[in-house]
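Beneath this line is the structure, given in structure tokens, with notes to follow.
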């Protein structure tokens, strides 16, 4: 799982049948200090996230598909949670 921020939406008029009705969002993975980590990813939204929200994503195809209830869908990334707060404790 990774923490990411939703940075945009993707509109696709033609897509795989298992994605009909699914919302596609562009997410930027983040480091713990909120700086960008790597490249932006396309993720299927399973929780109703919006642009600028911090989210929890899974990147494994099987885990992502199962999290969305679409086991046979060709999913690489899925948004599985909206993050309200992150607390970091330094020992």
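Since every read-out is calculated from the coordinates, none of them should be taken as a lab result. Quantities reported herein were computed from a predicted structural model and do not represent experimental measurements. When we count neighbours, we look across all protein chains shown, and the Cβ atoms used for this are built from the backbone with ideal geometry, even at glycine.
Full-extension gain between residue 33 and residue 90, please, as 0.36 nm times their residue separation minus the C-alpha to C-alpha distance.
Working: separation 57, 0.36 × 57 = 20.52 nm, distance 1.31 nm.
Here the segment from residue 33 to residue 90 would lengthen by 19.2 nm.
Where is the GNM fluctuation largest for the chain (alpha-carbon springs, 10 angstrom cutoff): 11, 51, 75?
Judging by the Gaussian network model, the answer is 11.
Taking only DSSP H segments of four or more residues, each worth -39500 (n - 2.57), what value at 222 nm results for the chain once the sum is divided by all its residues, to the nearest 500 deg cm²/dmol? Show your work: numbers first, answer last.
Details: 1 runs with 7 residues, N = 91.
After summing the helix terms and dividing by the residues of the chain, the value is -2000 deg cm²/dmol.
Write down the Kirkwood hydrodynamic radius of the chain, to one decimal in angstroms, obtained as one divided by the mean of 1/r over all alpha carbon pairs.
Value: 13.4 Å, from the Cα pair sum.
Over the chain, with a Gaussian network built from C-alpha contacts below 10 Å, which listed residue (38, 48, 21) shows the highest mean-square fluctuation?
Per the Cα network of the chain with a 10 Å cutoff, 21 tops the list.
Given R₀ = 22 Å, what would the calculated FRET efficiency be for residue 52 paired with residue 12, taking r from the Cβ atoms and rounding to 0.05?
0.55
If you build a Gaussian network model of the chain, linking Cα atoms that sit under 10 Å apart, which residue out of 15, 54, 23 swings the most?
Residue with maximal mean-square fluctuation among 15, 54, 23: 15.
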